[in-house]
Amino acid sequence: MNFDFSDEQKQMRDEARKFLAEKCPPKAVRAVLDGNAPYDKELWKGLAEMGFLGIAIPEAFGGAGAGHLELCVIAEEMGRALAPVPFSSTVYLAAEALMIAGSDAQKQKWLPVIASGDAIGTLALFEGKGNPSPSAIKLSAAGGTLNGVKKPVPDGAIADFAIVAARTGSSGRDSDISLFLVDLKAGGVEVKSLTNLDPTRGQAELTFKNCKAEPLGAAGEGWGILTQVLDRAAVLLAFEQVGGSDRALEMGRDYALDRIAFGRPIGSFQAVKHLLADMYVSATLARSNCYYGAWALSTNASELPEAAAAARISATQAFQHCSKNNIQVHGGMGFTWEFDCHMYYRRANATALTLGSLSYWEDVLIDHMRKRNAA
């Protein structure tokens, strides 16, 4: 059995890498990191023109209709380039939620404008510190309006619409949670930007005050839909993390070959070799788990929850490990603002908390393994 990508998918990866190398060099990432712009609008427009924003959206709704394997390929390249755009919030979260649970009218309204780059979406799930759980959702929904606070919301300050998790019951069961679609430009929402570790991936606080909302999916099925969205997003974000891990490894390797100390490249010293070898092992292990996740995602296999958790765990560990060791290989220079090492370290630690912490996904994996073994 061949778990590798097809020749066509590899060609797509090459095209994406070439495009991002030209349109998203480190100086473009720094422009967002150092400047006031919340994201790179020209890059966002270019991604839409390349068809990457709608790569997994069906053709009937304005997308390319390619599939999730192709989206995994694009996600890896986005992570490798540290693309400062709301790609994950719009494509992995909002678009996936719409494709899973949206009505035909909702899909027809929002999916085409996502694919064209004319709309940014997000998922408003968290309400402060903690991991995803039905009990953590306090924002209430009644009479078609929402009241409460969501934070942090990825790219919430620039989003045009949000998928919002709200409490519609008080039974203490998962069925108390429902999802709603909110047009953030229609009023009833106060937006406050939040400071975070990686300014190239913005976070916001959204306060809903008698905000009009329309249901997304059936009432009481919100948590079931959310778990599907999180599983899909976990695989896709893991590919971003693997892309970042590989690039951090390459940066460390290149510096080790170029930097001369005591008359020889520092890459010839055993201590540096060990650092780079460990980085390679963690990145390769993460890639293996990501490929398993990609298979499960693309085939909608029953193993997806377990595969998504494994990919998320290994990719999170790999990206944090590789970005940290990249700084170590660079030595004192690696800690300076002028070198790009810190940008990967920032992204690694910011994405480690996206969708829930590492311990959350470890618990998810263990729970699914226990259920499988008990069956």
Can you give me the distance in nm between label points at Gln108 and Met369, each placed 7 Å from the Cα along the Cα-to-Cβ direction? 4.7 nm
Pull up the cross-link candidates among the lysines for Lys324, meaning alpha carbon to alpha carbon under 23 Å and not fewer than 8 places away within one chain. Lys27, Lys273
Taking a threshold of 18 Å on the Cα-Cα distance, which of the pairs Lys150/Lys192; Lys10/Lys107; Lys138/Lys209 fall above it? Lys10/Lys107
Stretchable slack from Lys209 to Asp4, in nm (0.36 nm times residue separation minus alpha-carbon distance): 68.9 nm
If R0 = 25 Å, then Ser135 and Glu362, at their Cβ-Cβ distance, give a FRET efficiency to the nearest 0.05 of 0.80
All-pairs alpha carbon distance profile, the chain, 10 Å steps from 0, percent: 5, 24, 34, 24, 10, 3, 1, 0
Accessible heavy-atom area order of His274, His321, highest first, probe of 1.4 Å: His274, His321
Quick calc, Asp34 & Phe262: beta-carbon distance into FRET formula, R0 45 Å, rounding 0.05, result 0.80
Pair Glu338, Ala21: separation of 7 Å Cα→Cβ label points (nm): 2.6 nm
Tail beyond 23 Å, pair distance distribution of region 122-219 (Cα, percent): 19 percent
What is the distance, in nm, between label points placed 7 Å from the Cα along the Cα-to-Cβ direction at Glu49 and at Gln270? 5.4 nm
Loop chymotrypsin sites (Phe, Trp or Tyr not before Pro), region 257-310, which have at most 13 other Cβ atoms in a 10 Å radius of their Cβ (DSSP): Phe262
Please work out the C-alpha center-to-center distance from region 214-241 to region 72-112 and express it in whole Å. 12 Å
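The values are calculated or read from the model by the stated rules, or taken from the named source; none is laboratory data. It should be emphasised that the depicted structure is a prediction, and the values quoted were computed from it without experimental measurement. Here Cβ is always computed from backbone atoms with ideal geometry, including for glycine, and neighbour counts include all displayed protein chains. Heads up: the accessible areas ignore ligands, DNA and RNA and are worked out on the full protein's heavy atoms, side chains in. Shrake-Rupley method; radii C 1.70, N 1.55, O 1.52, S 1.80 Å.
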